[in-house]
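The values are calculated or read from the model by the stated rules, or taken from the named source; none is laboratory data. As the structure is a prediction and not an experimental result, all values here were calculated from the model. Reconstructed Cβ throughout: ideal geometry from the backbone, glycine too, with neighbour counts over all protein chains shown. Note: areas computed on protein heavy atoms with side chains; ligands, DNA, RNA excluded. Shrake-Rupley method; radii C 1.70, N 1.55, O 1.52, S 1.80 Å.
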Amino acid sequence: MSLFSKIKRRIQSLTEASDLNPMVNAAIRRAADKLSEDPKVIVTVGSGLSAESGVPTFRGPDGIFYNATISRLTHVDTFLSDQREEMMRWYQDRREKLSSIEPNPGHFALVGLAMTGDYTISTQNVDHLLEAASDELGFRPEIHHLHGSLLQVRCHECGASFEDLRLDLGVLPACAQCGGPLRPGVVWFGENLPEEALERSLHAAKEADVCLILGTSGLVYPAASIPEVAKKFGATLIEVNPNHTALSDLSDIVIRGKTGEILPELLRRTEEAR
Ligand code: BV8
Ligand code: ZN
């Protein structure tokens, strides 16, 4: 069975056929026409892509961020304060939840789209769901994690980093190399993004014919500058999000819907339009 039919089978098994309203259908058709012209595509991904896998988003109507605690728990200053333990327990709790979440049809469909052309995926998400979908389908697209990964652990002093989901960060473990405090390998507010991931993402944005904006509120910088750069260099912006965002007015095509429902449809229509 071809990889493509494997993807369709996997998506079929997860997706109830949902009837999309005519506006959404028309937007999907326009987007599919664009994607079927073999464009260079930069995809900027936010927590909305993992929402249908049960991962809470940060903002938007169902977001956790407006809860002041979350903005405190994602800032480097909190790690450096006497609230480190509370912060690390929150992160450890999120790390433990990783083993019980699965990729949703949006992840599989995005890997399917990336299989069909020149795609660079730049994600703000710190989960492993895109990689899990890629591994299951046997195709790994170029993925850059702008905000790191919950699977990674890093020493805040010497930078030694490794992957060990068994390690409980809630007990404030120390680095074996230098004795410094270990922390999740994510990027907090007030910290720089990984240089190479950001550079590759911005480079791809400059070269892109299309920028797919999937499930992001477009409020966190510099990640939110990726679509802005793509637009400046002439790309067509296509947003998929059930809600209006800071990037909606910049977008040329807005598909108001959930990525788990829209992306499988977009993949199917793009293949048909080829
Ligand atoms: C930095 C940690 C230099 C990991 C996170 C320029 C202008 C203004 C401010 C700044 C700027 N430059 C820098 C800043 C400061 C700051 C910033 O951006 N502040 C903003 C908020 C005002 N940025 C930084 O500090 C960054 N660092 O710039 O370095 C520097 C150095 C020193 C001092 C200063 C600067 C670091 C940013 C990294 C922050 N890390 N998290 C973790 O625990 O996860 S942020 C957090 O927000 C997550 O990483 C998350 O990914 C990210 C972005 O959120 P989204 O992914 O967009 O998710 P959100 O919840 O917001 O939206 C979800 C969307 O999904 C919604 O639109 C919703 O409608 C939609 N949705 C829901 N369901 C679905 C769906 N969509 C599709 N389908 C569905 N089913
Ligand atoms: Zn160390």
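Report, to the nearest 10°, how far helix 195-207 tilts away from the longest principal axis of the Cα atoms in the chain, using its own Cα long axis and a range of 0 to 90°. Computed tilt is about 20 degrees. Highest mean packing comes first when the peptides 230-242, 83-95, 252-264 are listed by Cβ atoms within 10 Å, giving 252-264, 230-242, 83-95. The long axis of helix 259-273 is offset from the longest Cα principal axis of the chain by roughly 40 degrees. Per-residue Karplus couplings for segment 140-150, computed as 6.51 cos²θ - 1.76 cosθ + 1.60 with θ equal to phi - 60°, are listed in order as 10, x, 6, 10, 10, 8, 6, 10, x, 8, 5 Hz, Gly and Pro entered as x. Taking the longest Cα principal axis of the chain as reference, the axis of helix 22-35 is set at about 80 degrees. Across all C-alpha atoms in segment 145-207, the radius of gyration and Dmax reach 13.6, 45 Å.
For the pair segment 197-227 / segment 94-155, the C-alpha centres are spaced 16 Å from each other. Seen from a random direction on average, the alpha-carbon convex hull of the chain projects onto 14.3 square nanometres. With pairing defined as another cysteine C-beta under 4.7 Å, the cysteines of the chain that fail it are 211. Per residue, the chain exposes 46 Å² of accessible surface when a 1.4 Å probe is rolled over the protein heavy atoms with every protein chain present. Expressed as a whole percent, the accessible surface of segment 116-217 that belongs to carbon and sulfur atoms is 47, based on a 1.4 Å probe.
Counted by Cβ distance under 13 Å from residue 185, the other residues give a net charge of 0, where Lys and Arg count +1 and Asp and Glu count -1.
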